[in-house]
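See below for the structure under consideration.
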Amino acid sequence: MMVLEPKIVGGVCLTAHPAGLKKALDEQIAYVAKQQAITMPKRVLIIGGSTGYGLATRIAVAFAGSAGTLNVSFEREPTDRKPASPGWYNNKYFDRAANDAGLIAESLNADAFATETRQTVIRRIKELFGQVDLLVYSIASPARKDPESGELFKSVLKPVGQAYTAKSVDFLNGSVGEITIEPAKGDDEAHSVKVMGGEDWILWIQALLDGDVLADGAKSVAYSYIGPEITFAIYREGTIGAAKEHLEKSAAMLNSTLKAIGGEAFVSVNKALVTRASSVIPVVPLYISLLFKEMKEKGLHEGCIEQMYRMLSAKVYGEQGVLRDSAGLVRMDDWEMREDVQKAVAAKWDSITTENIQELSDIDGFRTDFLHLHGFGWDGVDYAAEVDTQG
Ligand code: NAD
């Protein structure tokens, strides 16, 4: 038992609060339970379903689509003196809530990049479901051990070609400053592609096909981001962007592969949101704070759960099937990239300072979302009370 407080270092929160995470999960479940049911197949495998977009997808398929779910994610377990990582609690509470609702739900805490994890998952799919109808691939990881060679590859968030200087915010205290990020060197870009590109997604689909656990007509979705010009140097044209391009090309290849079983693979380009992965990308928190202000004022704001419910109900399992743009992408960033939204964000970008950040942006919304992701900052949770780290 211990009192848990947020411990934040360099945009990373090292602690998590089980009671607040339970509240966050319950809110997301309540949101989808109020929406119209999604007509979709009922057996779903999620890779990276413990937090952020993967968790929201899992909640939407289960509580709006009545699907059974098997999730693979990699989370730190609790000890007597240290809480688990947020996803560990999310998995526990999700599985319990879904089981209580009569749905199959199981979470595997394992390295999705490892061959033995794929074999365990295939065995478990056979036992739980026979086959799956949807594979959601939602991994964000700083490193990947190659399953063949055992070599550890690290992904970096750097511009490509030249150093990049831009505004950035310390979202905890709201101070706006300038940062310079040195360009990728040596193998930085190739290694980032190795971690966050499509290679592992391809290995998953191959293994599931070989194990005969992908049902006829099965679909698979992975998530990407494009964003506005302001973030191009660090995101889309940076090392992570190279990985995302690889992921998108992999989708085209996998789409042909899955045609053999009447299925399809595609990438959904999602909105910029506060997750554990996006909070550590330089420049992005300032952009998100400006974006949130505009989108909230225009009544267009969505969180992960609203995005994933809309994706599944309207753009994947809607009457017209998977709705892709001319490049084959599902665009869930459609509202983020609206001209009026982007014009307003760009207009404020140049003038934003520590002094006017409160007025021009939704920095408070960013901070609140960040704390909420870790179970902190929720009304009705007694943060002074000792809690069991086992949740
Ligand atoms: P997140 O950090 O909330 O989730 C990452 C997930 O990956 C977690 O479930 C974690 O356990 C899992 N994971 C990491 N390493 C793993 C491993 N070795 N084995 C098994 N599981 C592992 O991040 P997120 O923002 O939800 O990102 C998910 C996807 O969405 C990423 O592809 C990301 O690029 C994309 N995306 C994010 C945003 C955004 O703004 N956050 C926008 C568009 C697209």
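The values are calculated or read from the model by the stated rules, or taken from the named source; none is laboratory data. Source: prediction; values computed, not measured. Counting neighbours? That spans all protein chains shown, and the Cβs are built from the backbone with ideal geometry, glycine included.
Might you let me know whether the range 133-152 holds any residue that is of a type in the set (Phe, Trp, Tyr) and over 30 Å from residue 87 (Cβ atoms)? Looking for residues that are of a type in the set (Phe, Trp, Tyr) and over 30 Å from residue 87 (Cβ atoms), one finds none in the range 133-152, hence no.
Restricting 265, 251, 346 to residues that are in a helix (DSSP H, G or I) and within 15 Å of the ligand (Cβ to nearest atom) narrows the list to 251. Each residue in the range 265-281 was checked for being modelled with pLDDT of 95 or more and among the aliphatic types (A, V, I, L, M), and 5 pass. Among the strands (runs of 3 or more DSSP E) confined to the range 1-113, there are none with at least 3 residues that are within 16 Å of the ligand (Cβ to nearest atom), in contact with an Asp or Glu (Cβ under 7 Å, 6 or more places away or on another chain) and farther than 30 Å from residue 385 by Cα.
Contact map, the range 367-391: residues that are within 21 Å of residue 96 (Cβ to Cβ) paired with residues that are assigned to a loop (DSSP other than H, G, I, E, B) and charged (D, E, K, R), Cβ distance under 8 Å, separation 6+ or inter-chain. Pairs shown: 373/276; 389/80; 389/81; 389/82.
Residues in the range 114-144 that are part of a strand (DSSP E or B) and of a type in the set (Val, Ile, Thr) were compared, and the one that is nearest to residue 263 (Cα to Cα) is 132. Scan the range 165-189 for residues that are under 22 Å from the mean Cα position of the chain (by Cα) and either more than 30 Å from residue 355 (Cα to Cα) or assigned to a helix (DSSP H, G or I) (or both) and jot them down. Residue satisfying the conditions is 189 alone. Residues in the range 205-235 that are in a strand (DSSP E or B) and of a type in the set (A, V, I, L, M, F, W, C): 5 in all.
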